[in-house]
Every structure is written in C-alpha cells, then in structure tokens.
Amino acid sequence: MKIKLAEFIISNSDVSKCPKDHIPEYAFIGRSNVGKSSLINMLTNRKNLAKTSGKPGKTQLINHFKINNEWFLVDLPGYGYAKVSKSLKNTFQKFITAYFEKRKQLVSAFVLIDIRHEPQKIDLEFMQWLGENQIPFSIIFTKADKLKPGAIQRNVELYLQKLTEDVWEEAPNYFITSSSSGTGKEEVLNYIEQINLS
Ligand code: GTP
Ligand code: MG
C-alpha cells in the first residue's frame with residue numbers, strides 16, 4: 001500500500017473526544033521506549049509525524065493520524081515506565097483501558113515488543129487482557145537492526161513458545177520491524193490494506 005497522505009488530527013486523553021469518523025483504526029501499544037512513535041514515522045515515511053525520544057515516557061496522549069483520508073493510525077503512551085508518578089501511571093492506565101474498551105472503530109491493535117528482550121510479565125499480561133476483552137491484535141517485534149538474523153530468529157521463537165505455553169493455544173500473527181532500516185514496512189502496511197479491503 002502506498003501512503004499518499006498522513007496527517008496529525010488530534011491528541012487527547014478522553015476516548016469520547018477521539019475523532020468521530022467511522023473509518024478503520026489501528027493502534028500501537030507497548031512498553032515505553034519500545035518504538036511505537038518511531039514505527040508510525042517509518043510506516044508513513046515521515047521523520048517527525050509522531051514525536052519520539054531516547055527517553056521513555058514521550059507519548060502521553062492518544063494521538064490520531066489520518067492516513068490517505070481512509071483510516072487512522074493511533075499512537076498511544078507506553079506502559080511500564082517506572083519513572084512516571086503513580087497517579088500519572090493510573091491516569092494513563094485509565095484512558096488507555098477506556099480507549100481499548102470503548103473505541104468501536106479499532107480494528108486491530110499492534111503490541112510492540114523489543115526483539116532484544118525476554119518475554120516480560122507486563123506484556124504477557126497486557127496481551128492476555130486484550131484476549132479476554134476480545135480485542136484483536138498482532139505482535140510487532142521492534143528494533144530488529146539491533147540483532148543478527150540468527151538471534152532474531154531465536155528470540156522470536158522463544159517468545160512465541162512462551163506465549164503458547166502460558167496464554168494462547170495458537171501464537172498470534174507477528175511482524176519483525178526496524179524503524180531504522182525499514183524492515184517489515186511492506187508487511188505491516190499490506191496487512192492493514194488486506195483488512196481494510198475485506
Ligand atoms: P513512548 O512514547 O515513551 O512510550 O516511547 P515509544 O514506544 O513511542 O518509542 P520511540 O518511538 O519514541 O523510540 C524510543 C527510542 O528508541 C528512540 O531513541 C528511537 O530512536 C529508538 N528506536 C525506535 N525504533 C527503533 C528501531 O527500530 N531501531 C533502533 N535502533 N532504534 C529505535
Ligand atoms: Mg511514543
């Protein structure tokens with residue numbers, strides 16, 4: 001799929017104030033610093049469409065980006081960032097939870113996982129929660145440029161093994177990406193296109 005137009009529409013912390021358009025929507029979620037905002041920039045060929053930072057905790061709101069006037073990409077705050085205060089963490093958690101529970105336009109989420117890390121409880125629990133709430137999702141393994149191909153394969157296999165041991169009968173759909181090299185771009189965009197056409 002070609003992205004001809006990518007526009008920032010609105011940021012907010014209240015799901016009822018998200019855009020009213022009834023068009024398909026895809027949301028990026030995962031730990032702080034995993035590369036959600038960078039991936040949105042990579043997919044849309046834009047350097048600064050979504051704000052990124054080397055420090056975790058950059059994205060603090062629900063951000064809607066309209067693509068080709070036909071669908072939305074949504075950048076969300078990260079979870080699991082120890083340095084934000086407890087009350088801020090609760091606020092984040094509340095509006096992220098409300099977003100997933102209430103946003104009818106959400107077609108599928110992408111749960112981002114840093115390919116270098118072993119499975120983390122917080123991610124496994126979040127995916128379990130999505131499953132319990134019947135929210136479809138795929139996994140995106142990020143920062144593939146940081147590992148050699150053998151290590152990528154090994155880590156992905158370990159991750160899928162852990163998921164199918166603990167939580168799922170079947171491993172979810174997954175992608176391997178790098179926002180630095182563009183790895184996985186076509187795969188993710190084609191996947192979204194297939195859903196939009198179906
Ligand atoms: P929050 O908004 O804080 O939740 O973080 P985020 O998940 O949006 O992460 P962000 O995109 O801001 O990226 C965090 C850091 O990781 C930045 O320094 C990025 O340059 C770096 N980064 C993101 N994706 C990649 C990647 O694919 N490869 C490499 N090498 N670095 C990446
Ligand atoms: Mg971000």
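The values are calculated or read from the model by the stated rules, or taken from the named source; none is laboratory data. Keep in mind that what you see is a predicted model, and the values were worked out from it rather than measured. Don't worry about glycine lacking a Cβ; one is built from the backbone with ideal geometry, like all the others, and counts go over all protein chains shown.
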Candidate set from the range 79-89 (those that are within 15 Å of ligand 1 (Cβ to nearest atom) and part of a helix (DSSP H, G or I)); member that is farthest from residue 196 (Cα to Cα): 88
Going through the range 90-118 one residue at a time, which ones are in contact with a strand residue (DSSP E or B) (Cβ under 7 Å, 6 or more places away or on another chain), closer than 16 Å to residue 130 by Cβ and acidic (Asp, Glu)? none
Which one of these is out of contact with any Phe, Trp or Tyr (no Cβ under 7 Å at 6 or more places or on another chain), at pLDDT 95 or above and either within 20 Å of residue 57 (Cβ to Cβ) or of a type in the set (A, V, I, L, M) (or both): 179, 87? 179
Return only the number of the condition from (1) within 16 Å of ligand 1 (Cβ to nearest atom); (2) outside any helix (DSSP H, G or I); (3) of a type in the set (Asp, Glu) that residue 123 does not satisfy. (2)
Which numbered condition residue 99 fails, given (1) part of a loop (DSSP other than H, G, I, E, B); (2) surrounded by 15 or more Cβ atoms within 10 Å (Cβ to Cβ); (3) more than 10 Å from ligand 1 (Cβ to nearest atom): (1)
Please give the number of the condition residue 138 fails out of (1) in contact with a helix residue (DSSP H, G or I) (Cβ under 9 Å, 6 or more places away or on another chain); (2) modelled with pLDDT under 95; (3) of a type in the set (Gly, Ala, Ser). (2)
Among the candidates 92, 110, 65, residue that is within 16 Å of ligand 1 (Cβ to nearest atom), within 15 Å of residue 25 (Cβ to Cβ) and touching a Gly at 6+ places or on another chain (Cβ under 9 Å): 110
Filter result (of a type in the set (Phe, Trp, Tyr) and over 22 Å from residue 21 (Cα atoms)) within the range 36-86: 79, 81
Some residue of the range 182-192 being exposed (fewer than 13 other Cβ atoms within 10 Å of the Cβ), among the charged types (D, E, K, R), away from ligand 1 (no atom under 15 Å from the Cβ) and closer than 26 Å to residue 73 by Cα: yes
Please go through (1) over 15 Å from the mean Cα position of the chain (by Cα); (2) closer than 16 Å to residue 27 by Cβ for residue 137 and return the number of the only condition it doesn't satisfy. (1)
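Search the range 79-114 for residues being of a type in the set (A, V, I, L, M), under 14 Å from the mean Cα position of the chain (by Cα) and closer than 18 Å to residue 52 by Cβ, and hand back the single one that is farthest from ligand 2 (Cβ to nearest atom). Step through it out loud before you land on a result.
Taking the range 79-114 as the starting set, the residues that turn out to be of a type in the set (A, V, I, L, M) are 82, 84, 88, 96, 98, 106-107, 109, 111-113.
In the following step, the residues that additionally are under 14 Å from the mean Cα position of the chain (by Cα) were identified as 96, 106-107, 109, 111-113.
When the remaining residues are screened for being closer than 18 Å to residue 52 by Cβ, the result is 112-113.
Values: 112: 10, 113: 15 Å.
Looking at the filtered set, the residue picked out is 113.
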So the check is Cβ under 8 Å with 6+ separation or different chains; which pairs have a first residue in the range 53-68 that's over 26 Å from residue 192 (Cα atoms) and a second one that's hydrophobic (A, V, I, L, M, F, W, C) and within 12 Å of ligand 1 (Cβ to nearest atom)? 57/84
Give just the number: which of (1) surrounded by 14 or more Cβ atoms within 10 Å (Cβ to Cβ); (2) more than 26 Å from residue 41 (Cα to Cα); (3) of a type in the set (Ser, Thr, Tyr) does residue 174 not satisfy? (2)
